[in-house]
């Protein structure tokens, strides 16, 4: 080996070391990224399950009060039917709290049972209707649970129940590409307390939580959802009530 070969050999070794170091950094970066993605995914799943385990304590308390009223008035059959539906709803809530995703059919069944119990409790305050887009009935789609129930709860509690009579709740589901669009529309008094100045800008904690969950979907690599709140009293043709549109990513359509 000549003297001129040494610089060339040193250059080759130096380049090899640099390449090795760059490859090492690349592998280390990918490993850390995978660990972070796995951590974020697990965190997301834990937080999702925490959210889905929540049911308004006011709803549970009021349901038990309704049951007590039926028993005191000796309305045994109504009491039996009510406690049966309430028990099924609580079972669905507990089952969903252990899942990151549920079938759309199961979620709609849960929502119908919830609205039916509220209709029973508030009597003639409102009627309701569910509309489901035909393509959603054909395919077995999955979604995150408990994203829609708080919206319906707000519509009934703050919009329809104070109206006393003539209220109507329309819950519609549409397939928009690979997203579920759910529209919760009511003709209530709006989401403000009677004789109060609280406007729609004062959103409930539940709605903020829904927004956070939709944002978490985006952060963890999922497709972003969206929540839109429309005050129907505003605009060229003012009407009473609120319309809420929530766009939820569909999971693993089969």
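When each of 147, 117 is scored by the number of other beta-carbon atoms lying within 10 Å, the sequence from fewest to most is 117, 147.
For a footprinting-style exposure proxy, rank 72, 146 by other Cβ within 10 Å, fewest first. Kindly include the intermediate steps, with their values, before the conclusion.
Details: 72 9, 146 24.
Listed from fewest to most nearby Cβ atoms, that is 72, 146.
Roughly what % of DSSP beta bridges within the stretch 53-249 run antiparallel, to the nearest 5?
Working: 23 of 30 bridges.
Of the beta bridges lying entirely in the stretch 53-249, close to 75 percent run antiparallel.
Pairwise inverse Cα distances across the stretch 63-127, averaged and inverted, put the Kirkwood hydrodynamic radius at 12.8 Å. For residue 76 and residue 124, the FRET efficiency from 1/(1 + (r/R0)^6), where r spans their Cβ atoms and R0 equals 25 Å, is about 0.65.
Multiply the residue gap between residue 205 and residue 64 by 0.36 nm, knock off their C-alpha separation, and tell me the result in nm, one decimal place.
On the way: separation 141, 0.36 × 141 = 50.76 nm, distance 2.38 nm.
Length gained between residue 205 and residue 64: 48.4 nm.
Where does the stretch 53-249 land on Rg(C-alpha)/(2.2 N^0.38 Å)? Don't skip to the answer; put the middle values down first.
Working: Rg = 17.2 Å, N = 197, 2.2 N^0.38 = 16.4 Å.
The reported ratio for this selection is 1.05.
Just so you know, all these numbers are worked out from the coordinates, no wet-lab data involved. Everything quoted here is computed from the prediction, not taken from an experiment. Positions of Cβ are backbone-derived with ideal geometry, glycine not excepted, and every protein chain shown enters the neighbour counts.
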